[in-house]
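One structure is given below, encoded as structure tokens.
The values are calculated or read from the model by the stated rules, or taken from the named source; none is laboratory data. Please read these numbers as outputs of a predicted model, since none were measured by experiment. Using ideal geometry, Cβ is built from the backbone for each residue, glycine included, and neighbour counts are taken over all protein chains shown. Protein only, heavy atoms only, side chains kept; ligands, DNA and RNA dropped before computing areas. Shrake-Rupley method; radii C 1.70, N 1.55, O 1.52, S 1.80 Å.
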Amino acid sequence: MSGILVIAEQRRGELRPVTLELVSAAQQLRRTPDERVAVAILADEPDRFIPEVSVAGVDEVITVPVAAKDFDPDALEAAALALIEARKPAVVLVPHSIDAFGWAAALAVKGDYGFATDVFRIAYEDGKLIATRGGYGQKVNVELEFPGKPVVVVALRASVFKPPEGRSRPAVSRFEPPRAGTRLTGKEFIEASAGEDDVDMTSAEFILAIGRGIGEQANVERFRELADAVGAVLGCSRPIADAGWLPKSRQIGQSGKTASACKLYVAMGISGMKHVSTIVAVNADPGASIFSIATYGVKADIFEIADALRRQFPN
Amino acid sequence: MKILVAVKQVAALDEDFEIRADGKDVDPDFLVRDLNEWDDFSLEEAMKIKEASATPVEVVAVCVGPEDADEALRKCLAKGADRAIRVWDETVVGSDAIAIARLIAAVARREQPQLLFAGAQSADHAFAATGMAVAAFLDWPHAAVITQLTYTPGEEGATLRRELEGGVLHEMQIETPAVLTIQLGINTPRYASLRSIKQAAAKPIEVLTPQELGVPESAVGEAGSASRVRRMYVPEKGRAQMIEGSIEEQAARLAQLIRERTGGAA
Amino acid sequence: MTNVNAATRVLFEDFPPAAIVVFYVIAYTAIAVFFYGVYVAVRKYRRGAAAAVAGSLRARFWAMVETVLSHRTIARRDRPAGAAHRLIFYGFVLLFLGTSTITLDYDILGPLFHVHFWHGAFYLWFSLVLDVAGVALAGGLLYMMYRRGWLKPPKLDYARPDRKPGDVDYDRSEYRREDWAFLWTLLVIAVTGYLLEAVRLVWLEARPDVWDTRWWSPVGAALAQGMRAAGMSAAAGGAWRLGLWWFHGVLALIFIALIPFTKVKHIFTAAGSLMLRDPLAAQRLPRVPEQQQRVGAQYITDFTWKQLLALDACTKCGRCHEACPARAVGAPLSPRDVILSLREFANRTLDAGVLPEQAELDVHGKGPGQVAMETLWSCRTCMACVEVCPVAIEHVPIIVQLRRKLVEEGEMDPQLKKTLQTIHKTGNSFGESKRKRAAWTKALPFAVKDARKEPVEVLWFVGDYASFDPRNQKVSQGLATLLHDAGVDFGILYEAESNAGNDVRRVGEEGLYEVLATANIESLATASFKSIVTTDPHSYNTIRNEYPDFGGRYAIEHYTTLLLRLLKEGRLKIARQLGRRVTFHDPCHLGRFNKGYDAPREILRLIGCELIEMGRCRSNSFCCGAGGGRIWMPDPQGADRPAHNRMREAAAISGLQVFVVSCPKDLTMFEDALKASGNEGRFVVRELIELVREALSERQLAPSPVAA
């Protein structure tokens, strides 16, 4: 088996940027300089995306037309299975995304492939593919290997690999997948309830996020005011959104949005967080696990810091 | 009509845990076990369908795990599940999500439910794969990360919504029987009082081995898995650069950082 | 010369026999109606669940008699009402005894044994005493009318916080009408009694043995003088006498007949409730019997016959309503209204000849007579209501039993649900690993003995807050140092200690409470010690009063008594007098629950603090608001809190320097409230242990070593 196959992800006619992160990761898996990296586009109009995926490092783009406009796991699995059986790549990369949750594992079972998800480091060691992911709530790291599996499907964590810079001119080919019955049909997309307080987190560059540490709902306003004063977008952890103290659109973290444009993230009273470039963690608990991934830490009472910080931005 | 709910007894790390001698897992003394949070929601969804149904609905909870997993199943029984099944023997040790899914699929073949629920992911390892792997073994229609479900027992198909990145919901129609993985927040799980858990202890839990389910030894454990743990280790704790000083001094440094990083936007 | 021995009153004088018969028919009818009412009430009580009465009934009876005769419970927190009620009570009792005496003489001893004693000196003294009794009765009634009509204390306006205008049972005018009717009826009976006395004297003025002894009935005589001065003739007197006789008599008989149907029944129900009281009602809650199918109270028939009787004892005095901290901050809970709702519900359903369908007996909800969830969850189980109730109604166990049903159904605040699940998983309400329970000891310069491994003299049951909350950890470290310095041989259970369960039980999660209590008792069984000491009054209460029901019997004290002993014995030497002006907040579970008022005050005196009591102190201490699981539930936005209310009370003490507490939850709640109520900088909140430490060392102590 040789070659790395990246399966692009698209939704509603747009390529999801995480696809390009997969291309970066694919580069690291070349065992020889001429091992090929191919990007497969499984969509009803795959050709539209060829320019977008033609980034540095891509040797081939394979267009795979599938019938459904929207997400169709049966079609994706059948198409991917056929493609993999035809091309026999050593590694198949998909994103660890909501869509992939819905079909990647099924693909791995149908093809009897190796399988790992939420992987943030992947490399060959002594000729063996080793994928590293978290364990026990991200408190440990786990290295996985895939003995006896010539083909391995890996779902990669988002925001870990930087998209490649530069373009390429890949060869383009087309692959006709077998027809697949559809048992899951898309009906419509419903935007997150467009309340007044809703905001698009994915474009926010400076986020101030609050967590359970704020204590009670009455305190949300204080931090909203602080966020306004310092020029940040107010975000929150899941418990806050679940309790209805802030709309779901402001939720960041595991099952919330990827704060992908965020350059500075100030976390007040939150104990954990995914990877963002610069994190400033404010927490009264010196043992809060966020201090191990934050860039800067302030061990203090969040209310006292909030008040003092507010005074730094008089307006 | 029957709903099969696959649950997992997850493990959380105690303070000051230690990796065991073979370096592949945490010393079990430091593991605190509990029912997976997602499974509270799947079970509740099954109970909602059962309680709203005009025709009888049987809710069966199934868990692949050793004896202490009975606790998770008891909680399901306490909340109203009719029966509970546990699958285990020593050959299951070392199974990953795929191998476990194979066992759950075997139970499903035996039970013939109309719906099979699993949690969208587990709180400990979050592979987010077991549910969909079961669907592949059964070749059933499948959908993941469901935040809303409309199903009437006796009718064909179900309407569901899956929650996408950015909070967008995708409404879809699925054929039944189907495998669905359930996301947090789909409902409000009921409280199982200690008393009801104690009373549930009277209900029997059926224990099955992989062999009894027709799953050979080569298909479970490490042999039946799609991955194998080579090593588990505690990552080097990166350390944040701590900002010291009085509250005022810390806030001043913070403000400086903010102004630097946001180009003085504020 | 008047034949004193002949002094008596001829009953039914000049009555035609038919009239006497009519009278007796009315009388017996009234008595029959009375007994029918009693029958309906007893039938109602018997429709409740069974209950055992502990202790000797005789002892209980005499204790009740003593309580009633002394009027001790009625005088509390309303001395004028207590005084007026004494007058009414003694007046009424004497007048009733008087009538009974006459009946005894006339209807029983006379006809059966030809014995008459109601004449002569006895009769004269009898007349005097009863005249005075009537004055007392009337005087008391007039004061009560003045109180209701002019003074209008808020607790008597019956405004209820658990209903809104427009709700069917919001309006309480019917109660007010009944109250006034009661007062007026009795007053009219008393007044017509005197008038009757007077007109009889006018009528019989010609008879020396009546007229010459008239001043033995001074009020009647004075009225008679006035009537005669106004020109009333003997014949007119006779006519008035006849009219008043029937009016007074029939009114009194109607009054008696209606006793079981009106507020007047409190004469019997209050006595019954007092007689059956459980002095540990709120401190020791009842277990759920093993075989019981349903847990807690859902239907009115789930309450015991004792509780149903107690519901009838309530006279709406409003003392519990006044004392309740939840009510004081505007929560939809008044203990009085819980009792009255249940009573109205019981009367509506259980008075009926045929018991209604079970579905109609559900007391939970927002319908008339039902109790809402929000009401039940507002309770802090501080037992201020139980403690002050003059007729020994036990509100807290009733509320907890209603909560038990809510818990079974999972109907509670989501945060409370999570906390209960956390406690089940980790044995503490903080969600911390069990191993971290003794982490606070690491900062100490000496080792704290592990009571599981070696015998100790004193086992210190630390409690959740004192183990895990950073501010309280400092206090624990302080006490550990004190005990160490005093040479006390003490140890703790380390990870084997779980939440004692006091508040879990009061939330209504009885199953989880049993798990916790059983676990702790097992842990204690592995240790060897002489006595237990605890810094947590909640743990103190449950281990002392409730663990014995689960097989755990120990000698246990709160740290204040131990500390006092150490100070008195000189094992801790006071180095300086602090000279601070302080006030002391009695913790509910130490003070009101277990009468531990004195040791902390004694300690404050020994260390030279000037103690200024707040108005609501000792048994009337005002709860910090954390009890009953409320510390695990969010408070409604913008609402007042009991702790803030208490801070305002403290702030009124001029020159106050320290607000002293001796409970970990109090420390947490009041430190927050100090800031939130704007009193930061005016005075500080300190645990008693911290003050003692200051008095012991030569130098001024900064807060104790940093929490682990």
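Between C and A, buried accessible area from a 1.4 angstrom probe totals roughly 300 Å², ignoring ligands, DNA and RNA. If I take R0 = 45 Å and measure r between the Cβ atoms of C:Tyr554 and B:Val93 in this structure, what FRET efficiency does the formula 1/(1 + (r/R0)^6) give, to the nearest 0.05? My answer for the efficiency is 0.50. Computed extension gain for C:Trp150 through C:Val53, at 0.36 nm per residue and net of the alpha carbon distance, reaches 30.7 nm. Distance between the pseudo-spin-label points of C:Glu602 and C:Trp184 (7 Å out from Cα toward the beta carbon): 5.6 nm.
3J(HN,Hα) along segment A:52-64, derived from phi through the Karplus expression 6.51 cos²θ - 1.76 cosθ + 1.60 where θ = phi - 60°, amounts to 5, 8, 7, 9, 4, x, 8, 8, 8, 10, 10, 8, 10 Hz, with x in place of Gly and Pro. Amide H contacts under 5 Å for B:Glu58: B:Lys2, B:Ile3, restricted to partners 5 or more places along the chain or on a different chain, H placed in the peptide plane at 1.01 Å from N.
Annotation: per residue accessible area for the protein assembly as shown equals 41 Å², rounded to a whole number [probe 1.4 Å, protein chains only]. An ellipsoid equivalent to the protein assembly as shown, defined through the eigenvalues of its Cα gyration tensor, has semi-axes of 75, 36, 28 Å when rounded to whole angstrom and sorted largest first.
Only Cα pairs under 8 Å and 6+ residues apart enter the sum, and on that basis the relative contact order of chain A stands at 15 percent.
The distance linking segment C:235-255 with segment C:132-195 is 25 Å (Cα centroid to Cα centroid, whole angstrom). The packing ranking of peptides C:687-696, C:486-495, highest mean first, is C:687-696, C:486-495, where packing means the average number of other beta carbon atoms within 10 angstrom of each residue. Averaged over the residues of B:136-148, the number of partner chain Cβ atoms lying within 10 Å of the residue Cβ comes to 5.
Each chain gives up part of its surface: A and B jointly bury about 7200 Å² of accessible area, both sides summed, for a 1.4 Å probe. Multiplying the residue separation of C:Ile574 and C:Arg228 by 0.36 nm and subtracting their alpha-carbon distance yields 116.5 nm.
Sparse packing (at most 14 other Cβ atoms within 10 Å of the Cβ) combined with a DSSP loop state is found for none of the chymotrypsin sites (Phe, Trp or Tyr not before Pro) in segment B:1-43. Checking the cross-link pairs C:Lys453/C:Lys573; A:Lys88/B:Lys24; C:Lys453/C:Lys530; C:Lys152/C:Lys316; B:Lys198/C:Lys436 against a 20 Å limit on the alpha carbon distance flags C:Lys453/C:Lys573; A:Lys88/B:Lys24; B:Lys198/C:Lys436 as lying beyond it. In whole percent, and with a 1.4 Å probe on the protein chains, what portion of the accessible area of chain A is carbon and sulfur? On chain A, the fraction of accessible area on carbon and sulfur atoms equals 49 percent. Positive-end ranking of C:Phe550, C:Phe529, C:Leu562 along the dipole of segment C:504-570, with charges on Cβ about the Cα centre, is headed by C:Leu562.
Rounded to the nearest 20 debye, the dipole magnitude of the protein assembly as shown is 3820 debye, with +1 charges on Lys and Arg beta carbons, -1 on Asp and Glu beta carbons, and the Cα centre as origin. Qualifying GluC sites (Glu not before Pro) in segment C:347-428, where qualification requires a DSSP coil assignment and no more than 13 other C-beta atoms within 10 Å, comprise C:Glu357. Projecting the Cα atoms of C:Ile254, C:Leu274, C:Tyr194 onto the charge dipole of segment C:172-290 (Cβ charges, centred on the Cα centre) puts C:Leu274 farthest toward the positive pole.
The mean number of Cβ atoms from other chains found within 10 Å of a Cβ in peptide C:417-425 is 3, as a whole number.
Put a dot 7 Å past the Cα of A:Arg224, heading toward its Cβ, do the same for B:Val207, and the two dots end up 5.5 nm apart.
Each Lys and Arg Cβ is given +1 and each Asp and Glu Cβ -1; about its Cα centre, chain A then shows a dipole of about 520 debye. About its Cα centre, the dipole of chain B is roughly 460 debye, where the only charges are +1 on Lys and Arg Cβ and -1 on Asp and Glu Cβ. Each part gets one Cα centre, and for segment C:333-350 versus segment A:81-96 those centres are 71 Å apart. Measuring nothing but how far apart in sequence close Cα pairs (under 8 Å, 6+ apart) lie, relative to its length, chain C scores a relative contact order of 12 percent. At q = 0.09, 0.10, 0.16, 0.18 Å⁻¹ the log10 of I(q)/I(0) for segment A:4-174 amounts to -0.27, -0.33, -0.89, -1.16, computed by Debye summation with a single uniform scatterer per C-alpha, solvent ignored. Between amide H atoms placed 1.01 Å from N, distances below 5 Å from A:Trp103 occur with no residue 5 or more places distant or on a separate chain. Peptide B:179-191 has a mean of 3 when you count, residue by residue, the C-beta atoms of other protein chains within 10 Å of its C-beta. Shape analysis of chain C places it in the prolate category; the axes a ≥ b ≥ c from the Cα gyration tensor give an a/c of at least 1.5, with a/b above b/c. Qualifying trypsin sites (Lys or Arg not before Pro) in segment C:470-560, where qualification requires a DSSP coil assignment and no more than 16 other C-beta atoms within 10 Å, comprise C:Lys530, C:Arg553. Measure out, as a whole number of angstrom, how far apart the alpha-carbon centroids of segment C:377-425 and segment C:463-499 sit. Centre-to-centre (Cα) distance: 28 Å.
Along the charge dipole of the protein assembly as shown, Cβ charges K/R +1 and D/E -1, which of C:Val25, C:Ser619, A:Ile50 sits furthest on the positive end? Checking the options against the dipole of the protein assembly as shown, the answer is C:Val25.
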